[in-house]
1. Give me the distance in nm between label points sitting 7 Å out from Cα along the Cα-to-Cβ direction at B:Asp70 and B:Gln128, one decimal.
2. Tell me, what HN-Hα J-couplings in whole Hz come from the Karplus equation 6.51 cos²θ - 1.76 cosθ + 1.60 at θ = phi - 60° for each residue of segment B:24-39, using x for Gly and Pro?
3. Could you list B:Leu162, B:Leu91, A:Leu123, A:Leu152 so that the one with the fewest beta carbons within 10 Å of its beta carbon is first and the one with the most is last?
4. How would you rank A:Val90, B:Val189, B:Val141, B:Val173, going from fewest to most other Cβ atoms within 10 Å of each one's own Cβ?
5. Take every residue in peptide B:145-158, count the Cβ atoms of other chains within 10 Å of its Cβ, and give the average of those counts.
6. Per residue of segment B:71-79, in order, report the coupling 6.51 cos²θ - 1.76 cosθ + 1.60 (Karplus, θ = phi - 60°) as ³J(HN,Hα) in whole Hz, putting x for Gly and Pro.
7. List the lysines whose Cα lies under 17 Å from the Cα of B:Lys43, skipping any in the same chain that are fewer than 8 positions away.
8. Within segment B:64-97, find all residues whose amide N lies under 19 Å from a label point positioned 7 Å from the Cα of B:Arg143 along Cα-to-beta-carbon.
Protein chains: 2
Amino acid sequence: MSSPRTRPDSRTRILAAAAHEFAAHGFDGANMDRLARAARLNKAMIYYHFRGKAALYAEVFREFIRGVLDRLHAVEESDADPSDKIRAFVLAIAAEARLRPHFPPMWLREVAGGGRHADQATLGLIAQIPATLGRIVDAGVGRGEFRPAHPLLLHFGIIGPLILYFVTEPVRVRLDRVSGLPPIPPDDVLEQIVHATLATLDPAPRALEARPSRQGRRS
Amino acid sequence: MSSPRTRPDSRTRILAAAAHEFAAHGFDGANMDRLARAARLNKAMIYYHFRGKAALYAEVFREFIRGVLDRLHAVEESDADPSDKIRAFVLAIAAEARLRPHFPPMWLREVAGGGRHADQATLGLIAQIPATLGRIVDAGVGRGEFRPAHPLLLHFGIIGPLILYFVTEPVRVRLDRVSGLPPIPPDDVLEQIVHATLATLDPAPRALEARPSRQGRRS
DNA sequence: GTCTATATCGGGATAGAC
DNA sequence: GTCTATCCCGATATAGAC
């Protein structure tokens, strides 16, 4: 995990190459030979540093989650308004995704697989992300600035579009050519997500027009 | 593709089992032996009906996309208001996801992989989904009911949360236990997504509070 | 159309020299 | 710590009988 002396190399290179490989091909599709080549090392070195493919994957994934959580906790502990914290929450995840471009694809695949490759401890870390959002919302509700919302569902409204935006960045060229759509203005992405999230939390929604004709009620 | 008489048989069973297998394990993780057992057939039968794993995958995937597109085109051609069409758009995708629970995971993995397993024709089909949304938005803009928004980004705001909701259904039990969160009220999901989408399209946004600069108190 | 049996190969993991 | 060479299982795909 960490020796006192500077050990810049093989282990770090393996982790970097692993992030790339897992992001591009998923757990099952990842190839240890290719990974070793990318790290400019021999395959045996991987097994010298890590117990196996699964352990390497878990390590990479936990590193990502920790990076996100560090930022989010900083957001939570700031003294901004609740709505500014929501904004900062979105920006923090986006910043981390930009910093570690391999995170969005890995995260997507992990979700699609039902968390199969994540041990219980890692799942616990992941759960802290919506939990943090939930505390921010609660604070806003306490001040009367937000109406209550389910943290996980709200979180889906944030990372869903965000991750899709990042993860489709490479494909969009292909898609755009087929669909004839213009590229997405980068600045719009975060604005829209923040705006939509705050609209969901708005205690006085103006969404009468959102209701078709008759509407069931929940509190 | 279709014989006139009822052929409820091997080919159909293979497709059903394939949807399950690909959804649960992804393309690389899918196992033809396990797939054959699930279809109560021998593995050789798969290769009798399909050219290989890739062809089988493509067939399943295209079937899903067609199902979605059929619903969406019906929505587009209805004579509802633009905002009701937006609502119907969301409901249509949700209905299809309920009907074919294997679609959300497959779709997620495909996106994460950058559309690697989809041929150009299938990509063209996929592109029709946001394109349809775009035409609905354009109609609303023409009536002054919507403000312009990028169709693909808007689409991300819809399917992102939606797919995450469906795809995490199995995991949420595990996650909830760790996080201590209550389950998501199912009725809230579609309401929130529709509401957020319409808020994004609102031509007179009340989102001054969404701006980073210091905001004044609201009335 | 449906089966059993098998060819073939890619890739995760290890042995052991240096 | 780093390498080369290799084991060996699992998985796709096929041959060929019925």
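Values in this text are rule-based calculations from the coordinates and carry no lab data. If you're wondering where the values come from, they're calculated on a predicted model, not measured in any experiment. Neighbour counts run over all protein chains shown; Cβ positions are idealised from the backbone, glycine included.
1. Taking the two extended label points, one gets 1.2 nm.
2. Result, ordered by residue: 7, 10, x, 5, 5, x, 5, 10, 5, 5, 4, 4, 5, 4, 5, 8 Hz.
3. If I rank by nearby Cβ atoms, fewest first, I get B:Leu91, A:Leu123, B:Leu162, A:Leu152.
4. Listing A:Val90, B:Val189, B:Val141, B:Val173 from fewest to most nearby Cβ atoms yields B:Val173, B:Val141, B:Val189, A:Val90.
5. 5
6. These are the phi-based 3J(HN,Hα) values: 5, 5, 5, 4, 4, 4, 7, 5, 10 Hz.
7. In chain and number order, the partners are B:Lys53.
8. In segment B:64-97, the label zone of B:Arg143 (backbone N under 19 Å from the point 7 Å along Cα→Cβ) covers B:72-92.
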